[in-house]
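The values are calculated or read from the model by the stated rules, or taken from the named source; none is laboratory data. Treat the numbers as computed from the prediction; the structure is a model and nothing was measured. Here Cβ is always computed from backbone atoms with ideal geometry, including for glycine, and neighbour counts include all displayed protein chains. Ligands, DNA and RNA are stripped out before the accessible areas are found, and what is left, the full protein with its side chains, is counted by its heavy atoms. Shrake-Rupley method; radii C 1.70, N 1.55, O 1.52, S 1.80 Å.
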Amino acid sequence: MTPVTRREVLGLYRKIFRIAKKWQSASGQIEETIKEKEYIKNEAKTLFRKNKNVTDPKLIKQCLEECEARVEIGLHYNIPYPRPIHLPPMGLAHKQGRTLRHQEKLRKISKPIYLKSHDEVS
């Protein structure tokens, strides 16, 4: 990892924890705010630790873009949780065969960048 990339990653990590420190839930309830703050911290720790051994510059860049997208979406909508994609689980395919594999491939391709790592962790 180059020094510039390392600085970007650490800066983004610190930014997430600063956001978590100042976070206020949309409902304004203290319990909800505490729960969301903990979620932000735990999600950041989990994903950063999961990707700590990544050395491919393209993959590092993709992870950084995903993280920045999730931060921006979370701040914009005031929701720390990733926004789901709206595809029916198996609504377009039969339970077996080529059609099912094709639909799974389409679903994987259509997944937004901010959800690439979420399913792997949850």
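Yes/no per residue for (1) surrounded by 16 or more Cβ atoms within 10 Å (Cβ to Cβ); (2) assigned to a loop (DSSP other than H, G, I, E, B); (3) within 15 Å of the chain's Cα centre (by Cα):
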site	(1), (2), (3)
Thr33	no, no, no
Glu43	yes, no, yes
Leu47	yes, no, yes
Lys52	no, yes, no
Thr55	no, yes, no
Which is open to solvent by less than 80 Å² (accessible area, probe 1.4 Å), in a helix (DSSP H, G or I) and either modelled with pLDDT under 90 or more than 28 Å from Thr5 (Cα to Cα) (or both), of Leu100, Leu64?
Leu100
Do we have any residue at all in segment 49-57 that's modelled with pLDDT under 90 and of a type in the set (A, V, I, L, M, F, W, C)?
yes
Scanning segment 3-19 for residues that are touching a residue at least 40 places away in the same chain (Cβ under 8 Å) and open to solvent by less than 80 Å² (accessible area, probe 1.4 Å), which turns out nearest to Glu68 (Cα to Cα)?
Leu12
With (1) modelled with pLDDT of 65 or more; (2) of a type outside the set (D, E, K, R); (3) open to solvent by less than 80 Å² (accessible area, probe 1.4 Å) as the list, and Gly91 as the residue in question, which single condition is left unmet?
(1)
